[in-house]
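The values are calculated or read from the model by the stated rules, or taken from the named source; none is laboratory data. Worth saying up front: this structure is predicted, and the values here are computed from it rather than measured. We place every Cβ from the backbone using ideal geometry, glycine too, and count neighbours over all the protein chains shown. For the accessible areas, the whole protein counts, side chains as well, though only heavy atoms, and no ligand, DNA or RNA atoms are used. Shrake-Rupley method; radii C 1.70, N 1.55, O 1.52, S 1.80 Å.
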Amino acid sequence: MRVKRVFLNEVPDWDDLIKDFAPGPYHHLAWLKAVASAYGHTPVFLLAYEGQELRGALPLVIFKGFRGKSLISLPFGDYGGPLASDEEAQKALVFHAQKMAEEIGPLEIRFPEKPAFLPKNSGQVAKVRLLLPLPDESDDLWKALKSKVRSQVRRPMKEGAEAVVAGVELLPAFYRIYTKTMHYLGSPPHALSWFKSIVSFYEDKARVVMVHLKGKPLAASIIIFSNETATVPWAASLREYKRISPNMLLYWQMLSLAIEKGAKIFDFGRSTPGSGTYRFKKQWGAEEKALFWYRVPAEEEKVSKVRPLIEKIWQKLPEKAANYLGPKLRGRIAL
């Protein structure tokens, strides 16, 4: 099997090449363009051929982090990994990625689930995705929800809150809520240019959803549509309005939009089992599916003793300083 290496400007038809391999939301050219445009990392692609037939493809990014260069599929997303018609093509793509990594630096391939051919103890499964199968009609989903969840969705509506869906014009409101949430969590935020790139490059496949109360934004998110799946990489809400649950209306609007768009699966995104966000997503009826992040050289997932301290320091920074420094750091953190 022949594996060819190409770069971003050499594959303008990337999405057409991979369409028969059931790509996830992060596999698309739009994600790779955003990574390059917003943060200056270098996308590279591996294409596996048997004769003239394309048998598989693997998107990668030469990522410039704080510890030097690494090779990742894919940074900033929950998963990437090879798209292939069979295990043989998958193996060939992973093997060639390992050979590339010998030139560049450590390799990390984020699989949506663990492939059978990978060795044990070569990655970690600490994080899970939470997935909800969707019916054909939003009324059917509404009836399937627990009464407590329906009551929480109605609560912000009774207060007069409304949900709207649009594109880049809602990004400033989204970003204000997002940065406030990240500051509270003690984590540096992405740059606004990252979100502008995402929404612009995905075009009608990415929407911004916002809940407002008399014009004041309370909660917002970005949703991406791909291969009959609706995925939510980012969502945030103002803590001072927690009592009226604007995030519940936000998610109901996204679920309704996903059904309207014909999605069959709603991907709530990555969570740590047992965490608050995990429990929030589970209440909608979502089921977990373990992610598998494969690393060469193998690296065990360890609980950082320094991270809680860094989070506390970040929380104490003035919000303006955190929002200025954060994007400069965030582009070098692949999570």
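Using Cβ point charges alone (K and R +1, D and E -1), the dipole size of the chain about the Cα centre works out to roughly 1920 debye. Using the Cα gyration tensor of segment 1-91, with a ≥ b ≥ c the square roots of its eigenvalues, what is the shape: rounded (a/c below 1.5), prolate (a/b larger than b/c) or oblate (neither)? Taking the square roots of the gyration eigenvalues as a ≥ b ≥ c, segment 1-91 is prolate. Once each of the chymotrypsin sites (Phe, Trp or Tyr not before Pro) sitting in a DSSP loop with at most 15 other beta-carbon atoms within 10 Å is removed, the chain keeps 118-335 as its longest stretch.
In the chain, the DSSP-assigned H stretches of four residues or longer account for a calculated mean residue ellipticity at 222 nm of -11000 deg cm²/dmol, using -39500 (n - 2.57) per stretch and the full residue count as denominator. Sites listed here are GluC sites (Glu not before Pro) in segment 140-248 whose DSSP assignment is loop and whose Cβ has at most 14 other Cβ atoms within 10 Å: E228. Length gained on full extension, D20 to V306: 98.6 nm, using 0.36 nm per residue less the C-alpha separation. Annotation note: GluC sites (Glu not before Pro) in segment 103-132 located in DSSP loop regions with a Cβ neighbour count of at most 13 within 10 Å are E113.
With every protein chain left in place, what is the accessible area per residue of segment 1-135 in square angstrom, probe 1.4 Å?
Working: 5790 Å² over 135 residues.
Per-residue accessible area for segment 1-135 comes out at 43 Å².
For a straight C-alpha distance cut-off of 23 angstrom, the lysines reachable from K99 (same-chain residues fewer than eight places away being disregarded) are K4, K64, K69, K91, K114, K120. Within the accessible area of segment 204-331, the carbon and sulfur atoms contribute 53%, probe 1.4 Å, all protein chains present.
For segment 12-60, carbon and sulfur atoms together expose 45% of the accessible surface, with a 1.4 angstrom probe and every protein chain in place. Computed about the Cα centre, the dipole magnitude for segment 70-187 is approximately 800 debye when only Lys and Arg (+1) and Asp and Glu (-1) carry charge, each at its Cβ.
Excluding same-chain neighbours fewer than eight residues apart, the lysines reachable from K281 by a Cα-Cα span under 19 Å are K127, K143, K146, K148, K242, K264, K289.
Of the accessible area of segment 108-184, computed with a 1.4 Å probe over protein heavy atoms only, carbon and sulfur atoms account for 50 percent. Loop sites only, by DSSP: take the trypsin sites (Lys or Arg not before Pro) in the chain that have at most 13 other C-beta atoms within 10 Å and name the longest stretch containing none of them. Of all site-free stretches, the longest is 215-301.
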